[in-house]
Amino acid sequence: MPASYAYLGPEGTFTEVALRTLPETATRELVPYVSVQSALDAVRAGEAEAAFVPIENSVEGGITTTLDELVAGEPLTIYREVLLSITFALLVRPGTKLTDIKTVSAHPAAQPQVRNWLRTHLPDATWESAASNADAARLVQEGRYDAAFAGEFAAARYGLEALETGIHDAENAQTRFVLVGRPARPAAPTGADKTSVVLWQRDDHPGTLRDLLGEFASRGINLMLLQSRPTGAGIGNYCFCIDAEGHISDRRMAQALMGLKRICLQVRFLGSYPRADITPAEARPTLPGTSDEEFMAAADWVARCQDGRF
């Protein structure tokens, strides 16, 4: 397996900045790819050890391109996550004035984060989506568009200047990125972990979603992300992407996943990995009756009852 990480390129993306916060990148070749799909396919094909891609932002929620790629195709596993605070700069060719801008470009996930700014400052500008924010900057450099919303750090890379900086509609906006590799044993639990799964319901009937969520709720497991995605099998056919607090080695999580495996048409395990937002000391305490010790005591009691030792 090559010692390389694929990431959503080209050079100068927020994805690259977030990736470089991981210590292990000092010993890896970082290879930009033109799309989330191509970065993940590089891992599936054995061309890269892992891929680093955006999966969620605090303004619009889950990034559907990444979620759909993890839902479909050969299974992959999430091993790490990184949170990055996001503000945009308006990058233009030198000499461009605000009144000169008729077209702007960025990744589709950026548009909800700058929509109000754009409406106020460039109400007549036409939005054109790009494969990434850095790719939008490259297209501005080539003269395809007048301006790009990207990280200020990308200006020098593409010979542009930042006409405006600190652009954001929501304070403290963040994007979550994940390191994805081929399936293998999850890392040991840290005490502040997250488990990601995709669930397909057997059929559509009243209470289906309640039944799925009940497997978590009855064991005191808090959900951090719940997003439906179409399966492609027709209108009304959806699967559910879920992030839940805890690790698959926790007895309550393992039992929840076993319960889901019984009642779902399909369950895809996407990984258990350390959370980026808290430390183990900050983790939410388990609810009464949901600790590993209490699950073990309950299992022992059932075994004694079966043996007539109650």
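Brief remarks on what is shown
- Considering residues of the range 201-224 that are out of contact with any Cys (no Cβ under 7 Å at 6 or more places or on another chain) and polar (S, T, N, Q) only, the residue least open to solvent (accessible area, probe 1.4 Å): 208
- Qualifying residue in the range 48-63 (condition: touching a Phe, Trp or Tyr at 6+ places or on another chain (Cβ under 6 Å) and β-branched (Val, Ile, Thr)): no
- Within the range 23-45, being closer than 20 Å to residue 77 by Cα, in contact (Cβ under 8 Å) with a residue 60 or more places away in the chain and either among the basic types (Lys, Arg) or surrounded by fewer than 16 Cβ atoms within 10 Å (Cβ to Cβ) (or both) holds for one residue alone: 44.
- Residue within the range 149-168 that is crowded, with 19+ Cβ neighbours inside 10 Å and closer than 10 Å to residue 105 by Cα present: yes
- Residue 144 vs. criteria crowded, with 17+ Cβ neighbours inside 10 Å and modelled with pLDDT of 95 or more: no
- Number of the exception - residue 252 against (1) buried (at least 16 other Cβ atoms within 10 Å of the Cβ); (2) under 21 Å from the mean Cα position of the chain (by Cα): (2)
- Among residues of the range 255-267 being touching a strand residue (DSSP E or B) at 6+ places or on another chain (Cβ under 8 Å) and open to solvent by less than 60 Å² (accessible area, probe 1.4 Å), the one that is nearest to residue 202 (Cα to Cα) is 264.
- Selected residue [touching an Asp or Glu at 6+ places or on another chain (Cβ under 8 Å) and either open to solvent by 10 Å² or more (accessible area, probe 1.4 Å) or aliphatic (A, V, I, L, M) (or both)] from 71, 59: 59
- Near pairs, Cβ below 8 angstrom, 6+ apart or cross-chain, from the range 197-212 (within 15 Å of residue 241 (Cα to Cα) and of a type in the set (Phe, Trp, Tyr)) to any residue that is open to solvent by 30 Å² or more (accessible area, probe 1.4 Å) and part of a loop (DSSP other than H, G, I, E, B): 200/231
- Within the range 230-240, tally of residues that are in a strand (DSSP E or B) and either free of Cβ contacts under 8 Å to residues at least 40 places away in the same chain or open to solvent by 40 Å² or more (accessible area, probe 1.4 Å) (or both): 2
- Strands (runs of 3 or more DSSP E) fully within the range 90-190 that include at least 2 residues being touching a Leu at 6+ places or on another chain (Cβ under 8 Å) and among the acidic types (Asp, Glu): 161-167.
- Positions within the range 283-310 being of a type in the set (D, E, K, R), in contact with a Lys or Arg (Cβ under 9 Å, 6 or more places away or on another chain) and in contact (Cβ under 8 Å) with a residue 12 or more places away in the chain, in sequence order: 292
- A single entry from 188, 154, 192, 147 fulfils the requirement of being among the small types (Gly, Ala, Ser) and touching a Lys or Arg at 6+ places or on another chain (Cβ under 8 Å): 192.
- Residue pairs meeting the criteria (Cβ under 7 Å; at least 6 apart or on separate chains; first under 14 Å from residue 208 (Cα atoms), in the range 241-266; second open to solvent by less than 30 Å² (accessible area, probe 1.4 Å) and not aliphatic (A, V, I, L, M)): 259/215; 260/215
The values are calculated or read from the model by the stated rules, or taken from the named source; none is laboratory data. No experiment lies behind these values; they were computed from the predicted model shown. Neighbour counts run over all protein chains shown; Cβ positions are idealised from the backbone, glycine included. Just the protein is used for accessible areas: all its heavy atoms, side chains included, with ligands, DNA and RNA removed. Shrake-Rupley method; radii C 1.70, N 1.55, O 1.52, S 1.80 Å.
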